[in-house]
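Student: This structure is in structure tokens; I'll ask about it shortly.
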Amino acid sequence: MIKTQDLRKIFKIGKKQKETLVAVDGLNLEISEGEVFGFLGPNGAGKTTTVRMLTSLIRPSSGSAEIYGLKVGVDDTEIRRNVGILTESPGLYERLSAEQNLRIFAELYDIPDPEKAINKYLSMLDLWDRRMDAAGTYSKGMRQKLAVARAMLHEPKVLFLDEPTTGLDPEAAKTVRDFIDELKHQGRTIFMCTHNLDEAERHCDRVGIFKQRLLALDKPSALREQLFGRKVVFHLANTTPEMCAAVQALPDVKALEQIENKLLVSLDEPEKMNPVITRILVDKGADILFIGEIKQSLERVYLEMIRSEESSQTKKINQSVERNRA
Amino acid sequence: MKNIRTIIKKEWAEVFKRRVVVLIMLLVPLLFTLIPLVMLGVMSNTGVGGDVSPEMLAQSGSMPGDMETVCVGLSGNDCMQVMMVIQFLLMFMMMPLLLPITIAAYSIVGEKTTRSLEPLLATPITTLELLVGKCLAAVIPAVGATWASFALFNIGLILVKVSPGVRAYILGPTWLLGILVLGPILAIIAVNFALYVSSRVSDPRMAEQVSGVLIFPFMGVILAQLAGVITINIKFMLLSIVVCALIAVGMFYLGTIIFDRENILTKWK
């Protein structure tokens, strides 16, 4: 559905446009129909640039991208007709009413029954009662909801959401999140840039961690496992050194850590090993209070990836500085 | 064409909600119509220059360029009025230059400050449609106001009892070419210049003021006419139309470069 191959964007910067800035460096992605994809990365990582390339707003420097078989750089008008975008800031016509704002876009997208579409989304996003008020008088949350309505008005096949809940109060953020859930249930393909990792974890089938290039790409749970493995905690009433030694001796146990009466065991397949470990501990006289899996947050995965990328970049810079000195 | 219409509708709905734009659009044409009317009314009704014939004016050397031929058959008073009316033509020509600058500055800088251009650029509209829509949204009211002022001016001339000879000169080819042909061309130049300036600044008033430098070449023409270096006649009008049309084409081409999606999103400040 969305496919990119070695997608690159290099900006010329500086007064004489002689310096270059690599915003996106060889992005390879494949997002299938109906998938909700989370694009995570720090500020300045190149997320918005990627969205702009995929929505045919700016041209890639090299590489290729396709949306539903339409080629970026070739079928640009058709791509724009088939995608919806919620930009970083709502970008509304503040002196015009919500209805007027939507009508302009309904006309530009050539929607066959604009009235019906406008009414549908104004009602769906709780804006109906204030539809005749100027958008400039709206709260931040209402503006964002109106921008979401605008992005959805032409029923796009793919929806790009750039930081959909940033800066919203909890209630407005919830309305937007519920709406994303609704779109997910409708089977829409959603490409969501976000800093909000809880949001990504909640909505996204897969996430990509991105900083100029794709650092990791998988389901949130799979990323956690890749980076930290799976950890099971055995809460015991009492522990002895024999218990620890017996568990550690098992070939499938990758690591063991004891914190007071808790044993933290790193395993590849807890489903297979938990009964074995439980039996050994009981044999050694342990009273097991309960067993649980420790889940690393997506935030930790994200921070780990970004930090390791930053340190490798710093290393590269230092090496090149040293080479230049030499 | 439908997209261009939508853009024009949107621009007018937005821009004409700004009081400053409405005021300028009303006051400038009104002032530029009333000033010459009052002056011509006073001249007609007080008979200034009534005792001087055009031949005497020509002999005294105070008649610029080919005014001798224009004044054939006119009284001294009418001839003096015609000489003054030429300055008013230049005043009328300033309207299509000044008015679209205001609209374009508020429309483009307004979109920049509210960041509403990106969602607009994400629609299937082409860059050319967007540019033409924006240009026309500024040019049409400016040219409309100029033409309406001209119509009002001509009605006013009858009311203040300006002689038929002077009125005939005002409805002659020099004025009509200026108002009907050169006016819209000047408006296109002004909009594209304002577009260029607006892409570089983030305050509509500043954009308006900087774009106002367009008035300087125009002032040069006024001074040259007063000094007798040039004469505003049909030949001058035709030449101006050709030169300004070429400049307008160049400016529009520059506009398409400035209004490129990538430039707007990545280079506009």
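Student: What residue, among those in the range B:18-34 that are more than 14 Å from chain A (Cβ to nearest Cβ) and among the β-branched types (Val, Ile, Thr), is surrounded by the most Cβ atoms within 10 Å (Cβ to Cβ)?
Tutor: B:Thr33
Student: Would you check if B:Leu223 is open to solvent by less than 40 Å² (accessible area, probe 1.4 Å) and modelled with pLDDT of 80 or more?
Tutor: For B:Leu223, the condition - open to solvent by less than 40 Å² (accessible area, probe 1.4 Å) and modelled with pLDDT of 80 or more - is not met.
Student: Still on this structure, I have one more. Which one of B:Leu152, B:Leu130, B:Leu136 is within 14 Å of another protein chain (Cβ to nearest Cβ) and in contact (Cβ under 8 Å) with a residue 12 or more places away in the chain?
Tutor: Details: B:Leu152 fails: within 14 Å of another protein chain (Cβ to nearest Cβ); B:Leu136 fails: within 14 Å of another protein chain (Cβ to nearest Cβ).
Matching residue, one of B:Leu152, B:Leu130, B:Leu136: B:Leu130.
Student: Also, I was wondering about something else. Restricting attention to helices (runs of 4 or more DSSP H) lying wholly within the range A:91-177, give those where 1 or more residues are at pLDDT 90 or above and closer than 21 Å to A:Thr194 by Cβ.
Tutor: A:140-152
For every residue, the table says whether it meets (1) open to solvent by 10 Å² or more (accessible area, probe 1.4 Å); (2) within 20 Å of A:Ala200 (Cβ to Cβ); (3) in a loop (DSSP other than H, G, I, E, B).
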| residue | (1), (2), (3) |
| --- | --- |
| A:Asp25 | yes, no, no |
| A:Phe39 | no, yes, no |
| A:Pro42 | yes, yes, yes |
| A:Thr48 | yes, yes, no |
| A:Leu57 | no, no, yes |
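Student: Could you identify the single residue in A:Ala173, A:Ala151, A:Ala147, A:Ala135 that is within 14 Å of chain B (Cβ to nearest Cβ), small (Gly, Ala, Ser), open to solvent by less than 40 Å² (accessible area, probe 1.4 Å) and within 19 Å of the chain's Cα centre (by Cα)?
Tutor: After applying the criteria, what remains is A:Ala151.
Student: So, in the range A:268-318, how many residues would count as being surrounded by 13 or more Cβ atoms within 10 Å (Cβ to Cβ) and farther than 17 Å from A:Ala255 by Cα?
Tutor: 14
Student: Moving to a separate point now. How about the range B:118-128: which of its residues are outside any helix (DSSP H, G or I) and open to solvent by less than 30 Å² (accessible area, probe 1.4 Å)?
Tutor: B:Ala122, B:Thr123, B:Pro124, B:Ile125
Student: Quick check on the range A:100-125: of everything there that is surrounded by 18 or more Cβ atoms within 10 Å (Cβ to Cβ) and charged (D, E, K, R), which residue is farthest from the other protein chains (Cβ to nearest Cβ)?
Tutor: A:Arg103
Student: Pairs, please: C-beta under 7 Å, at least 6 apart or cross-chain, first residue more than 9 Å from every other protein chain (Cβ to nearest Cβ) and in the range A:39-61, second among the small types (Gly, Ala, Ser) and open to solvent by 30 Å² or more (accessible area, probe 1.4 Å)?
Tutor: A:Pro60/A:Gly73
Student: Give me the pairs, please: first residue somewhere in the range B:1-26 and basic (Lys, Arg), second residue anywhere and open to solvent by 50 Å² or more (accessible area, probe 1.4 Å), beta-carbon distance under 6 Å, and either six or more positions apart or on two chains.
Tutor: Sorted first by the residue in the range B:1-26, then by its partner, the pairs are B:Lys17/A:Arg95.
Student: Further question on the same structure: Name the single residue that is nearest to the chain's Cα centre (by Cα) among those in the range A:77-99 being open to solvent by less than 40 Å² (accessible area, probe 1.4 Å) and more than 19 Å from A:Glu155 (Cβ to Cβ).
Tutor: A:Ser89
Student: In addition: Pick from the range B:63-87 the residues that are touching a Phe, Trp or Tyr at 6+ places or on another chain (Cβ under 8 Å) and open to solvent by less than 10 Å² (accessible area, probe 1.4 Å): which of them is modelled with the highest pLDDT?
Tutor: Among those residues, the one meeting the criterion is B:Val85.
Student: Can I ask one more? Consider A:Arg213 carefully, then state whether it is open to solvent by 60 Å² or more (accessible area, probe 1.4 Å), closer than 25 Å to A:Ser312 by Cβ, assigned by TED's automatic domain parsing to the domain that holds A:Met53 and basic (Lys, Arg).
Tutor: In short, yes.
Student: Ok, one more. Looking at the range B:234-269 only, could you name the residues that are basic (Lys, Arg) and either away from chain A (no Cβ under 14 Å) or under 12 Å from B:Ile188 (Cα atoms) (or both)?
Tutor: Answer for the range B:234-269, where residues must be basic (Lys, Arg) and either away from chain A (no Cβ under 14 Å) or under 12 Å from B:Ile188 (Cα atoms) (or both): just B:Lys235.
Student: Does at least one position in the range B:2-17 carry a residue that is within 14 Å of chain A (Cβ to nearest Cβ), at pLDDT below 90, more than 23 Å from the chain's Cα centre (by Cα) and part of a loop (DSSP other than H, G, I, E, B)?
Tutor: no
Student: Could you go through the range A:190-198 and let me know if any residue there is open to solvent by less than 40 Å² (accessible area, probe 1.4 Å) and out of contact with any strand residue (DSSP E or B) (no Cβ under 8 Å at 6 or more places or on another chain).
Tutor: So far as the range A:190-198 goes, no, none of its residues is open to solvent by less than 40 Å² (accessible area, probe 1.4 Å) and out of contact with any strand residue (DSSP E or B) (no Cβ under 8 Å at 6 or more places or on another chain).
Student: So B:Ser60 fits all but one of (1) at pLDDT below 85; (2) more than 24 Å from the chain's Cα centre (by Cα); (3) within 14 Å of chain A (Cβ to nearest Cβ); what number is the exception?
Tutor: (3)
Student: If you don't mind, there's one more thing I want to ask. Please state which of the following conditions A:Met142 fails to meet, knowing it meets all the rest: (1) open to solvent by less than 30 Å² (accessible area, probe 1.4 Å); (2) under 26 Å from A:Arg95 (Cβ atoms).
Tutor: Here A:Met142 meets the rest and fails (1).
Student: Among the residues of the range A:1-23, count how many are assigned to a loop (DSSP other than H, G, I, E, B) and under 30 Å from A:Ile180 (Cα atoms).
Tutor: 1
Student: Would you please list the contacts, defined by Cβ atoms under 7 Å and residues six or more apart or on different chains, that run from a residue in the range A:67-95 that is more than 11 Å from chain B (Cβ to nearest Cβ) to a residue that is of a type in the set (Lys, Arg) and part of a loop (DSSP other than H, G, I, E, B)?
Tutor: Taking only residues 6 or more apart or on different chains, the pairs are A:Tyr68/A:Lys157; A:Gly73/A:Arg59.
Student: Another one. Could you list, in sequence order, all residues of the range B:88-117 that are part of a helix (DSSP H, G or I), open to solvent by 30 Å² or more (accessible area, probe 1.4 Å) and at the interface with chain A (Cβ under 10 Å from one of its Cβ atoms)?
Tutor: Scanning the range B:88-117 gives B:Thr113, B:Thr114.
Residues checked against (1) open to solvent by 30 Å² or more (accessible area, probe 1.4 Å); (2) in contact (Cβ under 8 Å) with a residue 60 or more places away in the chain:
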{"site": "B:Val191", "(1), (2)": "no, yes"}
{"site": "B:Val197", "(1), (2)": "no, yes"}
{"site": "B:Glu208", "(1), (2)": "yes, yes"}
{"site": "B:Val213", "(1), (2)": "yes, no"}
{"site": "B:Gly228", "(1), (2)": "yes, yes"}
{"site": "B:Met237", "(1), (2)": "no, yes"}
{"site": "B:Val243", "(1), (2)": "yes, no"}
{"site": "B:Thr256", "(1), (2)": "yes, yes"}
{"site": "B:Asp260", "(1), (2)": "yes, yes"}
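Student: What is the one condition in (1) more than 17 Å from the chain's Cα centre (by Cα); (2) not in a helix (DSSP H, G or I) that A:Ile190 does not satisfy?
Tutor: The one condition A:Ile190 does not meet is (1).
The values are calculated or read from the model by the stated rules, or taken from the named source; none is laboratory data. All values reported here derive from a predicted model rather than from experimental measurement. Because the Cβ atoms are built from the backbone with ideal geometry, glycine has one as well, and the counts that use them run over all protein chains shown. Protein only, heavy atoms only, side chains kept; ligands, DNA and RNA dropped before computing areas. Shrake-Rupley method; radii C 1.70, N 1.55, O 1.52, S 1.80 Å.
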